[in-house]
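> This is the structure I want to talk about, given as structure tokens.
The values are calculated or read from the model by the stated rules, or taken from the named source; none is laboratory data. Nothing here was measured: the structure is a model prediction, and the numbers come from that model. Reconstructed Cβ throughout: ideal geometry from the backbone, glycine too, with neighbour counts over all protein chains shown. Calculation scope for accessible area: heavy atoms of the full protein, side chains included, ligands and nucleic acids excluded. Shrake-Rupley method; radii C 1.70, N 1.55, O 1.52, S 1.80 Å.
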Amino acid sequence: MSTRLLAIGDIHGCYCSLKTMVEEQLKLKKEDVLIMLGDYIDRGPQSKEVLDYIIRLIGDGYQLIPLLGNHEEMLLKALDDYKYFVAWHYNGGYTTLESFGVSEPNKMGDGYFRFLRQLKYCHMDGRRIFVHAGFNDELANPFEDTIAMLWSRNVQYSNPMLTKRTIIHGHSIISLEACQRLVESDSSVINIDTGCFMGKYADTGSLTAIQFPERILFHVAYC
């Protein structure tokens, strides 16, 4: 059977949408490769369930490549620095604590932090680059700036290390229509963060995935 290359955008605690996407839309098989673009936690109601599901799929032998998002980095920094705890909590971290039933991140369980600490910043397969946010286009080697990979909002690049590949990212919420336009226009930079946790907004509120090389989009509404 042929291997599919898939990527899925920011999940933000939307476990129901993630499970529906993986099992009913993608119908994920163990020979498929699924790249996850980070931001598994915060803002949505079921961050613990999202992490448990990802870890379970990996343990069951599915080929998942989960990348680090800025929300995971904020959580890791919040463990040791109260300043980061306040910033993380303000940016939706409180929903993650609620999903774990704890008041402090260090009570979430060491296994989750071991998982988060081994996440990569980006993944390349030759023709494509997968990253949570983007890159610092001004550096000779844009892969040296890990902060940009988590926080950048660039929508186009001129660096020759980047222009010869398609970049697939999340981090910046766009509408379903805008996402579709990027794919149909054969854009070299494709954003698949359609704001799943914002379920009440008609033009966002969906979890989005993409299949390569066909560039087929999949959407699941917030549930």
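> Quick one: Ser17 ticks every box in (1) free of Cβ contacts under 8 Å to residues at least 60 places away in the same chain; (2) buried (at least 17 other Cβ atoms within 10 Å of the Cβ); (3) among the hydroxyl-bearing types (Ser, Thr, Tyr); (4) out of contact with any helix residue (DSSP H, G or I) (no Cβ under 7 Å at 6 or more places or on another chain) except a single one, so which number is it?
Result: Ser17 passes all but (1).
> Looking at (1) open to solvent by less than 40 Å² (accessible area, probe 1.4 Å); (2) in contact with a Lys or Arg (Cβ under 9 Å, 6 or more places away or on another chain), which one does Phe135 not meet, given that it meets all the others?
(2)
> Filter the stretch 207-219 for residues that are touching a helix residue (DSSP H, G or I) at 6+ places or on another chain (Cβ under 7 Å) and open to solvent by 10 Å² or more (accessible area, probe 1.4 Å) and give the result.
Hits for the stretch 207-219 are Arg215, Leu217, Phe218, His219.
> What are the residues in the stretch 79-100 that are touching a helix residue (DSSP H, G or I) at 6+ places or on another chain (Cβ under 8 Å), open to solvent by 10 Å² or more (accessible area, probe 1.4 Å) and either in contact (Cβ under 8 Å) with a residue 24 or more places away in the chain or polar (S, T, N, Q) (or both), if any?
Leu79, Asn91, Thr95, Ser99, Phe100
> Conditions: (1) open to solvent by less than 10 Å² (accessible area, probe 1.4 Å); (2) over 22 Å from Asp125 (Cβ atoms); (3) part of a helix (DSSP H, G or I). Ile54 meets all but one. Number of the miss?
It is condition (2) that Ile54 fails.
> Okay, next question. What residue, among those in the stretch 155-197 that are of a type in the set (Lys, Arg) and assigned to a loop (DSSP other than H, G, I, E, B), is surrounded by the fewest Cβ atoms within 10 Å (Cβ to Cβ)? It would help to see each step written out before you state the result.
Going through the stretch 155-197, the residues of a type in the set (Lys, Arg) turn out to be 164-165, 181.
Next cut, assigned to a loop (DSSP other than H, G, I, E, B) only: 164-165.
Details: Lys164: 10, Arg165: 16.
Within the stretch 155-197, the match that is surrounded by the fewest Cβ atoms within 10 Å (Cβ to Cβ) is Lys164.
> Let me ask something additional. Would you mind stating whether Tyr112 is open to solvent by less than 50 Å² (accessible area, probe 1.4 Å), outside any helix (DSSP H, G or I) and either free of Cβ contacts under 8 Å to residues at least 24 places away in the same chain or of a type in the set (Phe, Trp, Tyr) (or both)?
Details: open to solvent by less than 50 Å² (accessible area, probe 1.4 Å): yes; outside any helix (DSSP H, G or I): no; either free of Cβ contacts under 8 Å to residues at least 24 places away in the same chain or of a type in the set (Phe, Trp, Tyr) (or both): yes.
So Tyr112 does not fit the description; no.
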